[in-house]
Amino acid sequence: MIDFVKKAENGFWELAEKNRKRLRHILGTDIIIDRLAIITDIYMPAMVQHQKVFPKYKGINKGKTVIVTGTGPTFDYYNPIPGSIHMGLNDAIFREDIRYDYFFACDYCDQQKLFQKIIDYGDDLVKFFGINYIRKGALIPEYLREQYGVETFYVESYESMYGSRYENTRKFVYPLDISVSPFKSYGTTLYIVFQFALWTHPDKIYLVGADCSGIGHANKLNALDSGYDAKNFIRPWKKLRDFAMANYPDIEIISINPVGLKGIFKDKYTEEYKNALNLNR
């Protein structure tokens, strides 16, 4: 009997050891540690850093029109709207016919050519570089964030961080006050640019190149595909639409040549795009 009890006890502890990580997660210790790490590494630094950066941009574009440009295939069919404020991200910088006013980048990933293009663009471009801890190689080197006078901000992404899982973060909650909270990217910097556009409070926001229709970039950018399936970005956009309607109902939001986002914002199609798809017939 004693041997049976000892054998059963040993079996229990062997099972517990094999499933230690799972048990810790069930008991909540991993979740507590994850949350504390996010607070100390992202939320607290963001409260300090964002107070230095974003108050001066609040409401700065009242009475103006802002164009938020993604890099999806329909970006090829957008012609710059004169007199508008252009905000972009990543490879959108390579559209030579657009003069950007604000530009965002979060992931480095050895993209020296891209970051050099942004840095060399000129002092009239307000450059925002994010601090993003998510995956190896993503963090923008410190010298790029400090040496060239860019604005630095913090990002909390939906991807795995400190053991947290995407399945547990599907609420898609966006911060109302970006002067004290990190941005939520949920997989793409375009959400960040749009949140910032709302913060500047223009009369209109045109959303361009946010296709959410699969994998691919605009041909005019000559960009490498990231491999992300952009259809997964539709649900966060719906939540961001609801956020904008609740907090900025006076801003008119127009989606130019929408594909996956059709019907989410006010839809508008360019003649060039309609001709390419034979929509005029």
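Annotations for the structure displayed:
- Extreme residue, farthest from the chain's Cα centre (by Cα), among residues of segment 101-126 that are assigned to a strand (DSSP E or B) and modelled with pLDDT of 95 or more: VAL126
- Residues (assigned to a loop (DSSP other than H, G, I, E, B) and modelled with pLDDT under 65) located in segment 137-167: TYR158, GLU159, SER160, TYR162, GLY163, ARG165
- Residue among GLY59, GLY63, GLY72, GLY28 that alone is on the phi > 0 side of the Ramachandran plot and at pLDDT below 95: GLY28
- Selection from segment 216-227 of residues that are surrounded by 13 or more Cβ atoms within 10 Å (Cβ to Cβ) and either part of a loop (DSSP other than H, G, I, E, B) or at pLDDT 95 or above (or both): GLY216, HIS217, ALA218, ALA223, SER226
- SER179 being among the polar types (S, T, N, Q), in contact with a helix residue (DSSP H, G or I) (Cβ under 9 Å, 6 or more places away or on another chain) and modelled with pLDDT of 95 or more: yes
- Any hit, segment 81-100, residues being part of a loop (DSSP other than H, G, I, E, B), under 23 Å from PRO202 (Cβ atoms), of a type in the set (Phe, Trp, Tyr) and touching a strand residue (DSSP E or B) at 6+ places or on another chain (Cβ under 9 Å): yes
The values are calculated or read from the model by the stated rules, or taken from the named source; none is laboratory data. Values in this document were obtained by computation on a predicted structure and should not be read as measured data. FYI the Cβ positions are ideal-geometry reconstructions off the backbone, even for glycines, and counts take in every protein chain you see.
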